[in-house]
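Trainee: Just passing along the structure, written as structure tokens.
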Amino acid sequence: MESLSKISSLLETARDLTLEAAQSAGSASRSFRRDASKNISVAQLKRLLDSRNDRDILEGLRKVISMMYRSQPCLPFFSSVVKNVASPNIEIKKLVYIYLLHHAEAEPDLALLSINTIQKSLTDQNPQVRAMALKVMSGIRVPVISQIVSLAIKRGCADMSPYVRKAAALAIPKCYRLDPKTLPQLIESLSVLFGDRQYYVVGAAVTAFMEICPERMDLVHSHYRGLIRKLVDMDEWGQLATLKLMTVYARKCFPRRTSRIRKEGSIGFYGDEDEGAEEGREVQLLDPDLELLLKACKPLLQSRNSAVIVAVARCYYYLGTPEYIDIAVGPLISLLRTPQDIQHIALYNIAAVCLTRPETFVKYATHFLIRITDPPYIWRLKLEILAIIFPYCGPHMNGVILSELEHFSRGSDKDLVRESVRAIGRCAQSDPRASTRCLRLLLNQISSSDGNLAAESLTVIRHLIQQNPLSHTKTVVRLAKNLDTATNPQARASIIWLVGEFAGIDGENNVAADVLRILAKGFSDESGAAKLQIVLLAAKVYAHYLNQAQAVPSVSEATAPPPLAVSLGDHGGFSEPGLRDGQFGQKWEESALHRETIPLLWNYVLLLARYDTSYDLRDRARLYKSLLANPKSTQLATLILLAPKPVPHTPSPSEWRKGFTLGSTSLIVAEDGGLSGISGYEPLPDWVREGEEPDRSLRNEHAVRAEYTGKKEVPAGDRLDSAVREGGKGAHEQGSSWNSTNDPAPASKSKSLDDWLAEGVEEADRDGGNDEEEDEEEDEEDDEEDDDDESDETSEEELEESDDADEHDNLVRQ
Amino acid sequence: MSAIEALYIFDQHNPILQHTYRSRPLSASILHPLYLAHPAPRPSFIYLPNTQPPTTLYSIVNSQLLFLSPVSTETEPLLILEFLHRVVDVLEDFLGPPLLASKIESNYDVVAQLLGEMCDAGAVSNTEPNALRDVVEVPGWVGRILGTVSLPGASLSSSTSSSLSMQHLSLQPPVTQLPWRRANVRHTSNELYVDLVESLAVTLAPSGRPLSARVNGTIALTAKISGFPDLLLTLSTPSGKSNIEHALELPVFHPCVRLARWRERPGEISFVPPDGRFVLAGYEVDLLPFSIGKGLTSSAPNASSLQLPVNLEVRKSLGPSGADFEVRLFLTNSFTGWSIPTGPSRVGGLGSRLGTSSPAFGGSSNAPILEEVVVTVPIPEGVKNLADLRTSRGEAQYSPGDRFVEWRVPTTGGTLLTTGQGGATLRCSVVGISDNDDEDDGPAFSFDDIGARGEYVVEDAYQSTAIPPSQEKNEHQQRRSDLKRVALNATLMPSSANVSFAVKGWLASGVKVDSLIINARASRGLGEGVKPYKGVKYLTVSKGGVEARC
């Protein structure tokens, strides 16, 4: 979704905005203001802060905060500022807190003095004040107070205001960082918050969980279904944390039931094309609880937050069946409408998904057409994706993609040209049907005056030819002609190498020797790379010659093949006007001549190389010479020089990012971050093995199992609670699957029996009211939607209120 | 675990704000030069492996302000970027657009509170502008300008005295039941404005055939309604109601929208809005519905199905040496007779906002206004200068070394571009860097000449029918140098041109707002018989969005 500021700026008349910007840009006013704040002396500022007048104090605090943001020293005011922490004025309080958060670490002793006052605020009537106090207390990085903070968190978890409970949740990781020894208490608080009925409290709790103890999956079991139900209504950040947790949880707790069958399925999955693997997919069973998660994610695909969409895609990608992945594809595409920065990241993720499910992206192919306004980091990825989906497109789209690539390969941007040509190569490689057309495209580029383009095209052509050498003999002849015009050293070297590779094909009709003859004449003007290849070519030609001579010791001149003009003439389709075919062949019709010339040429080239300035070249020449000099080693030379080369395969650049989790930073950084990703990266766990997963009954709500309580040190209070729970609710929910428990999550915080009873009534109420809409997502607005429920609802609210009030009393009594 | 470590804001040169959230991230003074060292255009994601610790640097730029956020551990990159965008939105909401350095500097206390609330020690906590209004103190003039600012504690005291509905709202002060809506909203004049903004993304092949044509639409809403309104916005498309689901593709929604309602009845958006301005939904529309992208490969896209207010055509390699290119801009005839997607009478109370509330908007909705037509032609790097820059209308700007020509075409009366049938044209010729060098004729020895020079001249059919070698060679040479020049100039030709414009009162997709109804039964706190003023505005923009290739 576009950001509001962008849309607003489109709607406003641009003129007004620039006018205002221009006015403010008048640096005069700003420097004046800066001076003004500087002009206030420390003494004056202190006087303001020490004043009895709220207005003055506020004024002073604002000044201090400004100095803070400008990185001016404001520690001298510490005591004057902190003194105001007791002010009843909430505005002053907030600013003091901000100051404290930034500077307490530098003055721990003075900061400690304020703790008492802050602690008092923890019991303030106004929930906002309570929350703020909790936040500041946990945020002050003074390790001594960790126990107090952990106590305050515990109390905050039971606060009647969800706002305070959320602050408590957010304080948990801070307290943990302050003193890791508080972990047991914190985990206890956390498990209370997991059961909270307020969506945003749960979201914050999950965030805290992921930070302090992401490995404690045992805490999640009993809240699993509740969390999933609340997922839709959490705020975006809570959703992100929950999705992350659930992806890991599912891997650890739901074995891939169909692992044997999945193999068949995965053939159709990765090997694409083959849609016949349908049965394999059907057999793939999803655990009902896992399916619950996948279904609950679906509405999130329409989130305005791109991170959420990618998180759901990740969830589907690693947990779901291919059908689920396909659902996520459209929403991923919708991220291409977002601002460029988000688009950039989204494209990496799209490319990663695209490698597994290319066929689903075909219908969105036009989204990846490059726009001239795209910066390099965007078009690079778009080109890659176009090449990935190319083989899956219909002929029309194929045409569109190829002409797109051709268009950009003729552009002026060197990088873009190079990437386009490479993309053409990948297209040709992945789809043999199109390779002729791709090759023609590339061949046109060789004669381009742009050496860069020519070189890049040749490299790609070479790869293509190697993949299917027999059908490309004529292409090689045509390439050889380009030696006239090609100036780029790399391009020349590529061509020469190719000619050498093909020297043995087609026996005596080959052009290799002729090419060598011409190249030898200009040897001294060639670049180093080309020289190396010329020597290699000479060696190959000579090796072929030797082999031939051995095979047919008495070649009768009478049986020499007729002139080659015929065979070369029929590739006229490739040649351009002005170039005449047949020229190469003509000279070699006389085998006798042939036989004499090749050793001569070989010796000549060796001679040239021998006096070259390059050590490397001289060494190689010497090597080839001694290899080929002795007839006994001819076979060895043949093996070395004429061995069939492996077919090169250029993978998509994203191919090897594949190992990294979707949506992670490591996926994007890839190579620079090292093999194990950047610091803090953890790959998703493998699916748990069948039989090792935790019992699924653990996920039954309200049924806190003995096994669970036994394993972890759960405080007595909680155990009592669970006993209450079982007593009060066990009958109500017995053996039922989650579907029938449409009530909000069980509040597992410490409550009196009365509370439990009251809640039971309320829940029964609610069950009756909402049964029909069971499977719909539970918007909180559901209530508002049906007016008939209104009376019910208000009574419910009242109940809730009294509920909370009771609870509060409880606390006070404690 | 995802954590935001710090937020730095810079104006052109200086850091104007440094807010540290957790641990000790690299300081602004270290990061800024590293950011600038990256060659432009700078991506918003830069990995700096050589810093200690290795850091990922996220950045966004908003109206000359640069927002940087360093992260040293594994995170979800989109989380950070989304957060930065929210920061910009929230700051703009509180300080007023556009966001300027001076505004931030004079409101450091508000900014400090906002940043502290939005992200708590690295965990993003509260990014809803409405919820932030409840907890952030806005002093003095800003507060007055923004109107209603709820006082702390006020909600507590009012809960007992106010109506049933108010009681519902204030049960849990200060955070309301709906995180995105503030409690106790009161407005003296109730207003509802819908803005539909669509931006075009069209690519035209050299033949003029559209390769792809899409619009990205956004629905922005300004809701200033007291209490707790429950709204229903109904959209329709030219292709009919049944088809709306397929017409509006891949929608995304603000969390306030009831997704189930949309799923059941596409086109109806039911929601309780936040107070103030927000983006309700985003969607996209394919303007070539039965074409390429859909897999119906046989039917080539019908060019006439795509109607744009302007059309662009680029021709290159003109003139004797192929050094000229020409860009032509047409006004599409059909544009003037466009069916306009609004009718105050039909909409029922949804009056056009034009004229009454914002006269500056100008024009009537029945006559869409075409404005700000700018054609941009990217110029390849090899070009030294453009000679003979001529336009039939408007002004074209190019100074040697620029990478593009910008051609502003005036629009007379907002609707008509030019009187001539041919539209407006821009023509010029390129001057390359190496134009003066006399090219020598390539290598003295040529592979082509094997036949002529080599020792093995043999009569064959090819040679005998050809003209004598020497003559052929001369002509060949001549032709070649010509070709070479054209070929050289061809590399200096632009490969495309794009046009930017804005059309008010018209949407390329034809989507329109059928109605915007306040569901009185579900709403609370809105006085009896209060009829909010409603307005709708349509805008189509193309920011270089129509691209013609050649």
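Trainee: May I ask you to say which residue of A:Ser494, A:Ser448 is assigned to a loop (DSSP other than H, G, I, E, B) and either modelled with pLDDT under 75 or under 29 Å from A:Asp413 (Cβ atoms) (or both)? Please lay out each step first, then the result.
Mentor: Details: A:Ser494 fails: assigned to a loop (DSSP other than H, G, I, E, B).
Result of the check over A:Ser494, A:Ser448: A:Ser448.
Trainee: Hey, can you tell me all the residues within the range A:648-661 that are part of a loop (DSSP other than H, G, I, E, B) and either at the interface with chain B (Cβ under 10 Å from one of its Cβ atoms) or of a type in the set (Phe, Trp, Tyr) (or both)?
Mentor: A:Phe660, A:Thr661
Trainee: Here's another thing I want to ask about it. Looking at (1) closer than 24 Å to A:Asn488 by Cβ; (2) in contact with a helix residue (DSSP H, G or I) (Cβ under 7 Å, 6 or more places away or on another chain); (3) assigned to a helix (DSSP H, G or I), can you tell me which one A:Met397 breaks?
Mentor: For A:Met397, the exception is condition (1).
Trainee: Looking at the range A:361-397, which of its residues are at the interface with chain B (Cβ under 7 Å from one of its Cβ atoms) and closer than 21 Å to B:Leu200 by Cα?
Mentor: The answer is A:Lys363, A:Tyr364, A:Ala365, A:Thr366, A:Leu369, A:Arg371, A:Ile372, A:Thr373, A:Pro375.
Trainee: Right, next: Do we have B:Leu7 as in contact (Cβ under 8 Å) with a residue 40 or more places away in the chain, closer than 20 Å to A:Lys6 by Cβ and among the hydrophobic types (A, V, I, L, M, F, W, C) here?
Mentor: yes
Trainee: Could you look through the range A:77-119, keep only residues that are polar (S, T, N, Q) and assigned to a helix (DSSP H, G or I), and pick out the one that is nearest to A:Ala133 (Cα to Cα)?
Mentor: Across the range A:77-119, the extreme among qualifying residues is A:Gln119.
Trainee: Could you list all residues from the range B:484-499 that are within 9 Å of chain A (Cβ to nearest Cβ) and part of a helix (DSSP H, G or I)?
Mentor: B:Lys484, B:Ala487, B:Leu488, B:Ala490
Trainee: Has the range B:480-488 got any residue that is closer than 30 Å to B:Asn216 by Cβ and hydrophobic (A, V, I, L, M, F, W, C)?
Mentor: If we filter the range B:480-488 for residues that are closer than 30 Å to B:Asn216 by Cβ, which is where we start, we get none.
No.
Trainee: Restrict the check to the range A:162-175 and report whether at least one residue is within 14 Å of chain B (Cβ to nearest Cβ), of a type in the set (Phe, Trp, Tyr) and farther than 21 Å from A:Leu101 by Cβ.
Mentor: Within the range A:162-175, not a single residue is within 14 Å of chain B (Cβ to nearest Cβ), of a type in the set (Phe, Trp, Tyr) and farther than 21 Å from A:Leu101 by Cβ.
Trainee: Looking at the range B:248-290, which of its residues are more than 24 Å from B:Leu507 (Cα to Cα), touching a Leu at 6+ places or on another chain (Cβ under 8 Å) and of a type in the set (Gly, Ala, Ser)?
Mentor: Matches in the range B:248-290: none.
Trainee: In the range B:69-116, which residues are among the β-branched types (Val, Ile, Thr), facing chain A (nearest Cβ under 8 Å) and closer than 20 Å to B:Ser44 by Cα?
Mentor: The first filter runs over the range B:69-116 and keeps only residues among the β-branched types (Val, Ile, Thr), leaving B:71, B:73, B:75, B:80, B:87-88, B:90, B:104, B:110-111.
After this cut, where a residue has to be facing chain A (nearest Cβ under 8 Å) as well, the list is B:71, B:73, B:75, B:88, B:111.
Result: B:Val71, B:Thr73, B:Thr75, B:Val88.
Trainee: Is it true that B:Gly227 is touching a strand residue (DSSP E or B) at 6+ places or on another chain (Cβ under 6 Å) and away from chain A (no Cβ under 11 Å)?
Mentor: yes
Trainee: Which fully enclosed helices (runs of 4 or more DSSP H) of the range A:124-217 have 1 or more residues being closer than 22 Å to A:Arg229 by Cβ and of a type in the set (D, E, K, R)?
Mentor: A:162-178
Trainee: Could you list, in sequence order, all residues of the range B:10-20 that are crowded, with 21+ Cβ neighbours inside 10 Å and more than 9 Å from every other protein chain (Cβ to nearest Cβ)?
Mentor: Scanning the range B:10-20 gives a single hit, B:Phe10.
Trainee: Quick check on the range A:662-683: of everything there that is surrounded by fewer than 19 Cβ atoms within 10 Å (Cβ to Cβ) and not in a helix (DSSP H, G or I), which residue is nearest to the other protein chains (Cβ to nearest Cβ)?
Mentor: Restricting to residues being surrounded by fewer than 19 Cβ atoms within 10 Å (Cβ to Cβ) and not in a helix (DSSP H, G or I), the top hit is A:Gly680.
Residues are listed down the side, and each one gets a yes or a no for (1) modelled with pLDDT of 75 or more; (2) in contact with a helix residue (DSSP H, G or I) (Cβ under 6 Å, 6 or more places away or on another chain); (3) within 30 Å of A:Ile496 (Cβ to Cβ):
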site: B:Ile450; (1), (2), (3): no, yes, yes
site: B:Arg480; (1), (2), (3): no, no, yes
site: B:Ser495; (1), (2), (3): yes, no, no
site: B:Pro532; (1), (2), (3): yes, no, no
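Trainee: If you don't mind, there's one more thing I want to ask. Can you tell me which residue is nearest to the other protein chains (Cβ to nearest Cβ) among those in the range A:93-127 that are of a type in the set (S, T, N, Q) and out of contact with any helix residue (DSSP H, G or I) (no Cβ under 6 Å at 6 or more places or on another chain)?
Mentor: Filtering the range A:93-127 for residues that are of a type in the set (S, T, N, Q) and out of contact with any helix residue (DSSP H, G or I) (no Cβ under 6 Å at 6 or more places or on another chain), the one nearest to the other protein chains (Cβ to nearest Cβ) comes out as A:Asn126.
Trainee: Related question: Could you go through the range A:205-224 and let me know if any residue there is closer than 20 Å to A:Ala133 by Cα and either out of contact with any Ser or Thr (no Cβ under 6 Å at 6 or more places or on another chain) or of a type in the set (D, E, K, R) (or both).
Mentor: Applying the first criterion (closer than 20 Å to A:Ala133 by Cα) to the range A:205-224 yields A:205, A:208.
Remaining after also requiring either out of contact with any Ser or Thr (no Cβ under 6 Å at 6 or more places or on another chain) or of a type in the set (D, E, K, R) (or both): A:205, A:208.
So far as the range A:205-224 goes, yes, one or more of its residues are closer than 20 Å to A:Ala133 by Cα and either out of contact with any Ser or Thr (no Cβ under 6 Å at 6 or more places or on another chain) or of a type in the set (D, E, K, R) (or both).
Trainee: Right, another one. So which residues in the range A:229-266 are outside any loop (DSSP other than H, G, I, E, B), under 22 Å from A:Pro685 (Cα atoms) and modelled with pLDDT under 85?
Mentor: A:Ser259, A:Arg260, A:Ile261, A:Arg262, A:Lys263, A:Gly265, A:Ser266
Trainee: Just give me the residues in the range A:499-543 being within 14 Å of A:Leu606 (Cα to Cα) and charged (D, E, K, R), in sequence order.
Mentor: Within the range A:499-543, A:Arg517, A:Lys521, A:Lys531, A:Lys540 qualify.
Trainee: Does any residue of the range B:146-153 turn out to be more than 10 Å from every other protein chain (Cβ to nearest Cβ) and either in a strand (DSSP E or B) or at pLDDT 50 or above (or both)? Steps first, please.
Mentor: Just the residues of the range B:146-153 that are more than 10 Å from every other protein chain (Cβ to nearest Cβ), to begin with: B:146-150.
Checking the rest, the ones that are also either in a strand (DSSP E or B) or at pLDDT 50 or above (or both) come to none.
No: the range B:146-153 contains no residue that is more than 10 Å from every other protein chain (Cβ to nearest Cβ) and either in a strand (DSSP E or B) or at pLDDT 50 or above (or both).
Trainee: Out of curiosity, is B:Ser59 facing chain A (nearest Cβ under 9 Å), polar (S, T, N, Q) and crowded, with 22+ Cβ neighbours inside 10 Å?
Mentor: When the stated conditions are applied, B:Ser59 passes them.
Trainee: Which members of the range B:117-130 meet the condition of being within 18 Å of A:Ala168 (Cβ to Cβ) and either of a type outside the set (A, V, I, L, M) or modelled with pLDDT of 85 or more (or both)?
Mentor: B:Glu117, B:Cys119, B:Asp120, B:Gly122, B:Ala123, B:Val124, B:Ser125, B:Asn126
Trainee: Name every residue in the range B:220-268 that is aliphatic (A, V, I, L, M) and touching a His at 6+ places or on another chain (Cβ under 9 Å), in order of residue number.
Mentor: Correct list: B:Leu221, B:Ile225.
Trainee: Say we look at the range B:21-40 and pick out the residues that are on the phi < 0 side of the Ramachandran plot and hydroxyl-bearing (Ser, Thr, Tyr); which of these is farthest from the other protein chains (Cβ to nearest Cβ)?
Mentor: B:Tyr35
Trainee: I'm told A:Arg418 meets every condition in (1) away from every other protein chain (no Cβ under 11 Å); (2) touching a residue at least 60 places away in the same chain (Cβ under 8 Å); (3) surrounded by fewer than 19 Cβ atoms within 10 Å (Cβ to Cβ); (4) in contact with a helix residue (DSSP H, G or I) (Cβ under 6 Å, 6 or more places away or on another chain) except one. Can you identify the failing condition by its number?
Mentor: Just one mismatch for A:Arg418, condition (2).
Every residue, every condition in (1) under 19 Å from B:Gln18 (Cα atoms); (2) modelled with pLDDT under 85, yes or no:
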position	(1), (2)
A:Gly26	no, yes
A:Phe32	no, yes
A:Ile40	no, yes
A:Gln44	no, yes
A:Arg70	yes, yes
A:Val85	no, no
A:Ile98	yes, no
A:Leu113	no, yes
A:Gln125	no, no
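The values are calculated or read from the model by the stated rules, or taken from the named source; none is laboratory data. As the structure is a computational prediction, the values presented were derived from the model and not from experiment. For neighbour counting, all protein chains shown are included, and Cβ atoms are generated from backbone atoms with ideal geometry for every residue, glycine included.
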